[in-house]
Amino acid sequence: MHTRFAIASLVAAALACAAAAAQIPAQSFAAEQLKTGAEIYARNCSPCHGARMLDPQGASDLRKFPRGERERFVNSVTRGKNQMPPWGDLLKPEEVEALWAYVVAGEKI
Ligand code: HEC
């Protein structure tokens, strides 16, 4: 009886951990980070990619940027790509992360 209770508690504890772990991605996009991303975007990116990502003209439509390719986003933004200038000297890595959060979360803020 005691053993069964112990196992049940272990399972419950493991499930609680899994639930906490699953929440990490959502938590990593804190409201503050999204706000920072939106501000940097408005200042530096909107002239080409459109205000609030809505009217990209000749530049990529960031609403369609593949959500699984964070690495590519960071590289392209930091080093530039074709007509897009590199941002690595102007933006800190955490600012590029904030931009990624903004692009992934979209215009929900
Ligand atoms: C001077 C205009 C201009 C500005 C400003 C600009 N971009 Fe771009 N961006 C472009 C163009 C043009 C492309 C398309 C490049 C290509 O694929 O040939 C592009 C492409 C991209 C891509 C797709 C890269 C890929 O791997 O396909 C991302 C992501 C991106 N821009 C993010 C940003 C972010 C974030 C900012 C603000 C820090 C920004 N851009 C500012 C012009 C600009």
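Could you check how many residues of the stretch 94-109 are free of Cβ contacts under 8 Å to residues at least 60 places away in the same chain and touching a helix residue (DSSP H, G or I) at 6+ places or on another chain (Cβ under 8 Å)? Talk me through it step by step, then tell me what you get.
First, pick out the residues of the stretch 94-109 that are free of Cβ contacts under 8 Å to residues at least 60 places away in the same chain: 94-96, 106-108.
If we keep only those that are touching a helix residue (DSSP H, G or I) at 6+ places or on another chain (Cβ under 8 Å) as well, we get 95-96, 106-107.
Here the count works out to 4.
E107 versus (1) touching a Lys or Arg at 6+ places or on another chain (Cβ under 9 Å); (2) near the ligand (Cβ under 10 Å from one of its atoms): which is the lone unmet condition?
In the conditions (1) touching a Lys or Arg at 6+ places or on another chain (Cβ under 9 Å); (2) near the ligand (Cβ under 10 Å from one of its atoms), E107 misses (2) alone.
List, please: which pairs have Cβ atoms under 7 Å, are six or more places apart or on different chains, and start with a residue in the stretch 34-48 that is of a type in the set (F, W, Y) and end with one that is within 6 Å of the ligand (Cβ to nearest atom)?
Y41/L99
Considering only the stretch 66-89, state which residues are part of a loop (DSSP other than H, G, I, E, B), surrounded by fewer than 17 Cβ atoms within 10 Å (Cβ to Cβ) and touching a helix residue (DSSP H, G or I) at 6+ places or on another chain (Cβ under 7 Å). Let's see the steps before the verdict.
To start, the set of residues in the stretch 66-89 that are part of a loop (DSSP other than H, G, I, E, B) comprises 66-69, 80, 82-83, 85-89.
Those left that are additionally surrounded by fewer than 17 Cβ atoms within 10 Å (Cβ to Cβ): 66-69, 80, 82-83, 85-86, 88-89.
Selection gives R67, P86, G88.
So which pairs qualify, if the first residue must be in the stretch 65-84 and under 14 Å from L99 (Cβ atoms), the second must be more than 8 Å from the ligand (Cβ to nearest atom) and small (G, A, S), the Cβ gap must be under 6 Å, and the two must be at least 6 apart or on different chains?
T78/G88
Quick grid of which residues meet (1) out of contact with any His (no Cβ under 8 Å at 6 or more places or on another chain); (2) on the phi > 0 side of the Ramachandran plot:
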{"site": "T36", "(1), (2)": "yes, no"}
{"site": "E39", "(1), (2)": "yes, no"}
{"site": "L54", "(1), (2)": "yes, no"}
{"site": "G58", "(1), (2)": "yes, no"}
{"site": "L62", "(1), (2)": "no, no"}
{"site": "E71", "(1), (2)": "yes, no"}
{"site": "V74", "(1), (2)": "yes, no"}
{"site": "V77", "(1), (2)": "yes, no"}
{"site": "N82", "(1), (2)": "yes, yes"}
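How many of the residues in the stretch 46-63 are within 9 Å of the ligand (Cβ to nearest atom), out of contact with any helix residue (DSSP H, G or I) (no Cβ under 7 Å at 6 or more places or on another chain) and part of a helix (DSSP H, G or I)?
3
Any read-out appearing in this document is the output of simple, stated calculations on the displayed coordinates, not a laboratory observation. Source: prediction; values computed, not measured. Because the Cβ atoms are built from the backbone with ideal geometry, glycine has one as well, and the counts that use them run over all protein chains shown.
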